[in-house]
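For reference, the structure is listed below as structure tokens.
The values are calculated or read from the model by the stated rules, or taken from the named source; none is laboratory data. As the structure is a prediction and not an experimental result, all values here were calculated from the model. Here the Cβ positions follow ideal geometry from the backbone for every residue, glycine too, while neighbour counts run over all protein chains shown. For the accessible areas, the whole protein counts, side chains as well, though only heavy atoms, and no ligand, DNA or RNA atoms are used. Shrake-Rupley method; radii C 1.70, N 1.55, O 1.52, S 1.80 Å.
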Amino acid sequence: MSNAKTPMSYADFYRWSIDQPDAFWTEQAKLIDWFKPFERVCNYDKPPFVHWFEGGLSNLCHNAVDRHLKDRADQAALIAISTETGSEKSYSFAELHREVQRMAASLKALGVQKGDRVLIYMPMVADAAFAMLACARIGAIHCVVFGGFASGSLASRIDDATPKVIVSADGGSRGGKAMPYKPLLDEAIRLAVHKPSAVLLSDRQLAPMNLVAGRDHLWSELRQQNFDAQVPCEPMKSTDISYTIYTSGTTGKPKGVQRDTAGYMVALAASMKHIFDGRAGETFFSTSDIGWVVGHSYIVYGPLIAGMATIMYEGLPTQGMDGQPNGGIWWSLVEKYKVTAMFSAPTAVRVLKKQDPALLQKYDLSSLRALFLAGEPLDEPTARWISEGLRVPIIDNYWQTETGWPLLTVANAVEKTPSKFGSPGVPMYGYRVKLLHESTGEELTQPNEKGVVVLEGPTPPGFMQTIWQDDARFVNTYWKSVPGKMVYSTFDWGIRDEDGYYFILGRTDDVINVAGHRLGTREIEESISGHAMVAEVAVVGVADQLKGQVAMAFVVLKDASALNDPSLALKLEGEIMKRVDGDLGAVARPARVRFVTALPKTRSGKLLRRAIQAICEGRDAGDLTTMDDPAALQQIKDRMSS
């Protein structure tokens, strides 16, 4: 087992990671540069807290940028594309190196030192990547908050992170509509108890900005002042904090997921090699946003660590560089930049599913080896549609902000492994995945038994260290939900089939209880989405005096014109109900199927189920700052009142 050079089966590879973790992770640690080698691989002396690669010194920015200057200084590193502003600019590793040093010197000039927090509130522009990498370079902790986030939510994050500097921009843009950030930021700083000592602003000329004297600084000016700056990489201890990122759906006090330095780097380098099959000199295209964990791991850090060019994309999947509708824009970029691996979300694919199918044939996609999808469950009809259209493997992967990299998928670069529609795959190396009975906590070992997906410690490199400044909350939230066992709960239901593939059935809090029957909303959605006319569906549980809860379905049709004929809509509703009856039984049948033209989602494509549920129950929908299109939620209100 110790010789990793000979090809081994994935089963052996996985066993090696579980049975001999020190040997396994020592081998993976060779994928990055160390300033000083580590002395201890895994310190699990105080469960559930894990310290990886103690004694070592390294730097995230060095491994993402500097180390590539020797062999690939002139190769593309960062390709920043905005269909919102019609701009496209490619930075080589040498150019990226210079820009990051200019940003690092600018942050230092504003007083940022090792260990200080820098909050980044930015659109998907190159400057945002420079800021992240510059923080990593000088040992500052970045905390990226999704651009355009509401002032109240932003203020609570400012108070939690207490940043010395905030890096922001005049605004973002969506669907050709400018979204000013500066007023939101000014209001957030006014609301926050903690005040940053400086704000560094990128002016895109999208929205007017009022600068606060003595606090606000223009990046263009500081960049010029530090144009030839040389800023060395700070040697960081393996366990030093690289960043914090706030998880969605939290009420009250924000929950900052805290990540280390070396463990994260090794995890990303290993995942780029074994899971994403990313090779130096190639191009990686993740359509996510830096506000989310996918953007941290697989837009900025992962591809660059692997020596790949990474595409940073601002815009809709259905709009061209000229601002006109273009459902083929992503495929044209795959062709132009010879993308070998693409990473997106099922929601985006469902949006593309409504476009002209000929667009998939219009471009030369021969460079593409795989499309990876994550962020929410991938339904089988969508998987089949895109799989047949692209003719490359569609690889679902399941993970969380907390895990930092995929937990369940297939590692095709270790051994070609078939995917199963509806399943993200099998446990990845280093993860000890178990299914436990929800109330007794006992392990479920038989195929197709439904339980809570949990992890046994020690968690692998790259996994969260703790919640920022709240170890007790980390332990109580994640490690104490199963009675009598210290295991990490994903809070997701799952089953494992006879081949060891996992199927995620939805959140343990997305369960609806209809007259004593527990049903996962995901199972009902899966059934409805199998209807030939259905493009998208959301099912929520709504309080019902008689049954406790009933299922309510909201459906987007592939052809919205069907809705102009009430009798056709009624017929469709009947067909859909009958389908659920046949698949899952009468108890799962939705009380109503309501047709809408769009579902309310966050900008990263997550369905806002709780908001839909709140509206169905006549409650306030709560914090909707990450919602993409408010009109979608209004439609649901209108349908419920009609």
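If you take the alpha carbon atoms of the stretch 518-642 and fit the smallest convex hull around them, that volume is 111 Å³ per residue.
Rolling a 1.4 Å probe across the protein heavy atoms gives the stretch 194-279 an accessible surface of 43 Å² per residue.
Over the chain, the Kirkwood radius and the radius of gyration, each from Cα atoms, give a ratio Rg/Rh of 0.95.
Dipole of the chain (Lys/Arg Cβ +1, Asp/Glu Cβ -1, origin at the Cα centre): which of Gly171, Gly520, Leu436 lies farthest to the positive side? Comparing the listed Cα positions along the dipole, Gly171 ranks first.
With the Cα gyration tensor of the stretch 408-487 giving a ≥ b ≥ c as the square roots of its eigenvalues, does the rule (a/c under 1.5 for rounded; else a/b larger than b/c for prolate; else oblate) give rounded, prolate or oblate?
It comes out oblate by the Cα gyration axes.
Counting other Cβ atoms within 10 Å, keep those with at most 15, restrict to DSSP loop, and tell me which chymotrypsin sites (Phe, Trp or Tyr not before Pro) in the stretch 225-292 are left.
Filter output for the stretch 225-292: Phe227.
The magnitude of the dipole of the stretch 1-92, with charges of +1 and -1 set on the Cβ of Lys/Arg and Asp/Glu and taken from the Cα centre, is near 120 debye. Close amide H partners of Val212, meaning residues 5 or more places away or on another chain with modelled amide H under 5 Å apart, do not exist here.
Here the accessible area is traced with a 1.4 Å probe on the protein chains. For the stretch 446-562, carbon and sulfur cover 50 percent of it. Against the criterion of solvent-accessible heavy-atom surface with a 1.4 angstrom probe, His68, His517 sort, most first, into His517, His68.
Take every Cα pair under 8 Å in the stretch 185-293 that's 6+ residues apart, average their separations, divide by the length, and report that relative contact order as a whole percent.
After rounding, I find 15 percent.
Between the DSSP loop rule and a limit of at most 12 other Cβ atoms within 10 Å, which trypsin sites (Lys or Arg not before Pro) in the stretch 1-71 are left?
Qualifying residues, ordered by number: Lys5.
Based on alpha carbons, the Rg and Dmax found for the stretch 319-373 are 11.0, 29 Å. Rounded to a whole number, what is D in µm²/s for the stretch 178-281 from Stokes-Einstein with the Kirkwood radius over alpha-carbon pairs (37 °C, 0.692 mPa s)? Rounded to a whole number, D works out at 182 µm²/s. Roughly speaking, to the nearest percent, how much of the stretch 98-175's 1.4 Å accessible area is carbon and sulfur? The nonpolar share, carbon plus sulfur, comes to 44 percent. Once you divide the Cα radius of gyration of the stretch 109-167 by 2.2 N^0.38 Å, the number left is 1.06. For a label point 7 angstrom out from the Cα of Leu218 toward its Cβ, which stretches of the stretch 132-171 have the backbone nitrogen within less than 14 Å? Zone members listed by number: 170. Computed over the stretch 191-343, the P(r) curve from all C-alpha pair distances, binned at 10 Å from the origin, holds 9, 24, 33, 28, 6, 0 percent per bin. Along its first, second and third principal axes, ordered by size, the stretch 295-406 spans 37, 30, 25 Å in Cα coordinates. Ranking Ile329, Ile299, Ala155 by Cα position along the charge dipole of the chain, where only Lys, Arg, Asp and Glu carry charges on their C-beta atoms, puts Ala155 farthest toward the positive end.
Shown are Val351, Val231, whose ranking by accessible area with a 1.4 Å probe and every protein chain present, most to least, is Val351, Val231. What the Cα convex hull of the stretch 369-419 gives, in volume per residue, is 81 Å³.
Could you please state how large a percent of the accessible area of the stretch 192-271 is carbon and sulfur, counting protein chains only and using a 1.4 Å probe? Reported share for carbon and sulfur atoms: 50 percent.
Note on the chain: helix-only mean residue ellipticity at 222 nm, from DSSP H runs of 4+ residues weighted -39500 (n - 2.57) and normalised by residue number, equals -8500 deg cm²/dmol. Phi-derived couplings, Karplus 6.51 cos²θ - 1.76 cosθ + 1.60 at θ = phi - 60°, listed residue by residue for the stretch 482-499: 9, x, x, 9, 8, 10, 7, 9, 7, 6, 10, 7, x, 10, 10, 7, 5, 9 Hz, with x used for Gly and Pro.
A dipole drawn for the chain from +1 and -1 charges on Cβ atoms has a positive end, and of Ile32, Leu222, Val542 the residue lying farthest that way is Leu222.
Ignoring the sites themselves, what is the longest stretch of the chain with no GluC sites (Glu not before Pro) in a DSSP loop and at most 11 other beta-carbon atoms within 10 Å? Formally, the longest exposed-site-free interval is 40-497.
State in Å² the accessible area per residue of the stretch 11-121; use a 1.4 Å probe, count heavy atoms of protein chains only, and round to the nearest integer.
41
With Cα atoms defining each centre, the stretch 163-234 and the stretch 473-547 are spaced 41 Å apart in the structure. Taking the Cα centre of the chain as reference, the dipole from Cβ charges on Lys and Arg (+1) and Asp and Glu (-1) amounts to some 480 debye.
On average, how much accessible surface per residue is there in the stretch 451-556, in Å², for a 1.4 Å probe, leaving out ligands, DNA and RNA?
On a per-residue basis, 35 Å².
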